[in-house]
Amino acid sequence: MERCIICKSGKRKKVFEENGVIFYRCLDCGHAYSSFRQDQDYDGYFGYEPIESDSFWFKEAHKEMYEDFGRLFLEKRRGRLLDVGCGMGYFLKFMEKYPEWEAFGCEISGSAADFAVNKLGIKNVKNGKLEEAGFTEGSFDLITLFDVIEHIPEPDSMINMAWNLLRDGGSVFIHTPNIDIQLPKARFKKWVFGMREDARYLEAKDHVNIYSKKSMGILLDKHGFKSIRFYHLKPIQSVAGEKGWIGLFVKNIWHRLSLFLDLSTGGRLNIDNLFVAAKKAG
């Protein structure tokens, strides 16, 4: 990829290398992208055998984040929600706390979708590509993408699909890593631990696009979304998939610091993950 997929600028620089995979950063919008190319519909994040061991990550570790989301976007409202990349279905299970909302999911991984349907009892899950799921255009009030868009090599098609599926006045919500904090963390880890063969400091083969606040805003704006607003939700209660209390303590202190810096700088400094919502103007 010679040009930035977000703003089409040809100005870039190499900012990180992870086991032979290079990360470039756009000098105009701050977007970062990996030299590793994978299929847009890659079905390799879940294998059937280890999937139940992932339950902690998707159920317990995300619980506080989901609760914050519910308070912000679901309470005292009703409608139809679509969770794109719903994984094992734990967010859809959480949605049962809000009977005013009819929740649907779409998941490319067959093993993850099977778990959601047969282990969690989630009925409204489509397995396959979003564009082939058969959802009616203009039929959803809220579309969520939790930890999805960083895996997608060509995000324009997904954001355009979200636009088409939303009703006028509906919103899309995206949670994704923030390159402005992920890159310094990766560099620090590489300096401390070196580049081990199993290093996943930027998860360069999975996170092929890592957004800045600016590049995320550009992506949503160019597809017609308005009222683009960034939020702070509780972080995932896990560090590298573990429950260690020291790491969680530091992570939660960091979350509070990010809130303070965001407020004190008028939103100019965001050291949190990106939590963004945008509206389809009617």
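The values are calculated or read from the model by the stated rules, or taken from the named source; none is laboratory data. Only a predicted model underlies this, so the values are computations on that prediction, with no experimental measurement involved. Cβ placement follows ideal geometry from the backbone for every residue including glycine, while neighbour counts extend to all protein chains displayed.
Condition check for Asp180 on (1) acidic (Asp, Glu); (2) surrounded by 19 or more Cβ atoms within 10 Å (Cβ to Cβ); (3) out of contact with any helix residue (DSSP H, G or I) (no Cβ under 9 Å at 6 or more places or on another chain): one failure, at (3).
When Arg71 is tested against (1) at pLDDT 95 or above; (2) in contact with a Phe, Trp or Tyr (Cβ under 9 Å, 6 or more places away or on another chain); (3) surrounded by fewer than 17 Cβ atoms within 10 Å (Cβ to Cβ), just one condition goes unmet, and that condition is (2). Exactly one residue out of Lys185, Lys213, Lys189 is touching a residue at least 12 places away in the same chain (Cβ under 8 Å), surrounded by fewer than 16 Cβ atoms within 10 Å (Cβ to Cβ) and in contact with a Phe, Trp or Tyr (Cβ under 8 Å, 6 or more places away or on another chain): that is Lys185. Among the candidates Ser212, Ser227, single out the residue that is modelled with pLDDT of 95 or more and under 14 Å from the mean Cα position of the chain (by Cα). The match here is Ser212.
One residue stands out among those in the range 110-121 that are in contact with a strand residue (DSSP E or B) (Cβ under 9 Å, 6 or more places away or on another chain) and surrounded by fewer than 24 Cβ atoms within 10 Å (Cβ to Cβ): the one that is farthest from Lys93 (Cα to Cα), which is Gly110.
Has the range 39-51 got any residue that is at pLDDT below 95, among the polar types (S, T, N, Q) and closer than 18 Å to Thr176 by Cα? Yes, the range 39-51 has at least one match.
Taking the range 69-98 as the range and being over 21 Å from the mean Cα position of the chain (by Cα), over 14 Å from Lys123 (Cβ atoms) and not in a strand (DSSP E or B) as the test, the residues that pass are Glu75, Lys76, Arg77, Arg78, Lys97, Tyr98. As a summary of the residue check, Pro155 satisfies the conditions (1) crowded, with 16+ Cβ neighbours inside 10 Å; (2) farther than 14 Å from Leu82 by Cα; (3) in contact with a Lys or Arg (Cβ under 8 Å, 6 or more places away or on another chain); (4) at pLDDT 95 or above except for the one numbered (3). Among the candidates Lys97, Lys119, the residue that is at pLDDT 95 or above and farther than 24 Å from Ile228 by Cα is uniquely Lys97.
Per-residue answers, yes or no, for (1) closer than 23 Å to Arg80 by Cβ; (2) in a helix (DSSP H, G or I); (3) within 17 Å of the chain's Cα centre (by Cα):
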{"residue": "Ala113", "(1), (2), (3)": "yes, yes, no"}
{"residue": "Val117", "(1), (2), (3)": "yes, yes, no"}
{"residue": "Leu142", "(1), (2), (3)": "yes, no, yes"}
{"residue": "Ile159", "(1), (2), (3)": "yes, yes, yes"}
{"residue": "Asp180", "(1), (2), (3)": "no, yes, yes"}
{"residue": "Trp191", "(1), (2), (3)": "no, yes, no"}
{"residue": "Glu197", "(1), (2), (3)": "no, no, no"}
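Of all residues in the range 255-274, none that is over 20 Å from Tyr211 (Cβ atoms) has its Cβ atom under 6 Å from the Cβ atom of a residue that is of a type in the set (Phe, Trp, Tyr) and modelled with pLDDT of 75 or more, 6 or more apart or on another chain. On inspection, Ser227 does not qualify as closer than 28 Å to Ile159 by Cα, assigned to a helix (DSSP H, G or I) and of a type in the set (S, T, N, Q). Residue count for the range 120-155 under the criterion of being charged (D, E, K, R), over 20 Å from Val208 (Cβ atoms) and touching a residue at least 40 places away in the same chain (Cβ under 8 Å): the result is 1. Of everything listed in (1) outside any strand (DSSP E or B); (2) at pLDDT 95 or above; (3) in contact with a strand residue (DSSP E or B) (Cβ under 6 Å, 6 or more places away or on another chain), the single unmet condition for Ala204 is (2). Among the residues of the range 63-87, those that are in contact with a Leu (Cβ under 7 Å, 6 or more places away or on another chain) and either of a type outside the set (Asp, Glu) or without any contact (Cβ under 8 Å) to a residue 12 or more places away in the chain (or both) comprise Met65, Phe69, Phe73, Gly79, Leu81, Leu82, Val84, Gly85, Cys86.
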